[in-house]
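Only the coordinates and a few stated rules stand behind these numbers; no lab work does. Fair warning: this is a prediction, and the values are worked out from it, not measured in the lab. Positions of Cβ are backbone-derived with ideal geometry, glycine not excepted, and every protein chain shown enters the neighbour counts.
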Amino acid sequence: MPTDIKYKRILLKLSGEALMGDADYGIDPKVLTRLAKEIIEIQRVGVQVGVVIGGGNIFRGEGLAAAGMDRVTGDNMGMLATVMNALAMQDALEKLGAYARVMSAIKINEVCEDFIRRRAIRHLEKGRIALFAAGTGNPFFTTDSAAALRAIEVGADLLLKATKVDGVYSADPKKDPTAQRYEKLSYGEVIQRNLQVMDTTAIALCRDNKIPLRIYDMGVGGNLLRIMKGEPVGTLVS
Ligand code: UDP
């Protein structure tokens with residue numbers, strides 16, 4: 001591994017919406033390929049990469065429940081949506097010559113592997129990009145919580161959350177011109193100030209297990225590699 005690379009193993013959280021591009025539903029193949037290239041770029045310099053992908057570009061349990069569906073059924077559909085996104089990312093990664101494995105928290109063995117922690121670590125050690133699908137496998141959770149959980153389980157050095165803004169702000173920078181970007185925050189500050197970084201379960205898991213979290217703008221090409229080199233891109237929560 002080149003000496004300027006600071007991380008051995010990371011967990012990247014991509015929201016389902018990250019895959020939509022400018023559309024309001026589904027997957028934009030161009031966006032998917034661009035994200036896949038960035039992931040491969042850091043894998044090729046020796047970083048072991050796990051990815052948790054959300055499903056909000058297809059279904060969210062909460063939204064389905066608001067429209068009258070049973071919440072657990074809605075959450076199951078949301079989890080299945082994350083599997084579809086992970087399969088799409090696996091395809092994009094493999095088209096670009098990388099090795100990837102989708103591992104699901106719910107059994108769908110005709111489609112992908114089950115999440116088995118020790119096997120996941122083996123994939124990472126072998127340089128395969130592990131795509132952790134179906135969230136935690138339980139309703140009433142989110143893929144943010146799943147990302148924190150998987151990061152801890154596989155012993156990642158860093159949890160990364162890809163967003164459309166360049167970090168965490170004191171207020172919505174689109175609405176409030178005085179909004180300030182934080183370079184660093186503590187887990188406690190995120191929870192107390194109710195900053196919309198990740199849900200509280202995810203932040204509490206990171207805090208209790210001392211895993212640093214970085215929020216960065218995925219729209220800027222090369223950001224993932226910059227972070228791997230230790231550059232202070234976005235906001236660090238630690
Ligand atoms: N979900 C769930 N349990 C989990 C993770 C996800 O039930 O552990 C469901 C939930 O309905 C959620 C949907 O899957 O709304 C999609 O996940 P999420 O909203 O976290 O996706 P993102 O916002 O990251 O695209």
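Here is how the numbers come out for the structure above:
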| read-out | value |
| --- | --- |
| Over the range 1-118: Rg over Rh, Cα atoms, Kirkwood Rh | 1.01 |
| Under 18 Å from the Cα of K6 - aspartates and glutamates, other chains or at least 8 residues apart | E38, E41, E125, D157, E231 |
| Footprinting exposure proxy for R150, R117 (fewest neighbouring C-beta atoms within 10 Å first) | R117, R150 |
| Qualifying lysines (Cα of each under 25 Å from Cα of K30; at least 8 residues distant if same chain) | K13, K95, K161, K164 |
| log10 of Debye I(q)/I(0), alpha-carbon scatterers only, for the range 9-237 at 0.09, 0.17, 0.18 Å⁻¹ | -0.33, -1.29, -1.46 |
| Mean Cα-pair separation over length for the range 163-238, i.e. relative contact order, pairs under 8 Å, 6 or more apart, % | 42 percent |
| Relative contact order %, the range 9-237, counting alpha carbon pairs below 8 Å whose residues are six or more apart | 21 percent |
| Charge dipole magnitude, Cβ of K and R +1, D and E -1 - the range 1-108, Cα centre, debye nearest 20 | 500 debye |
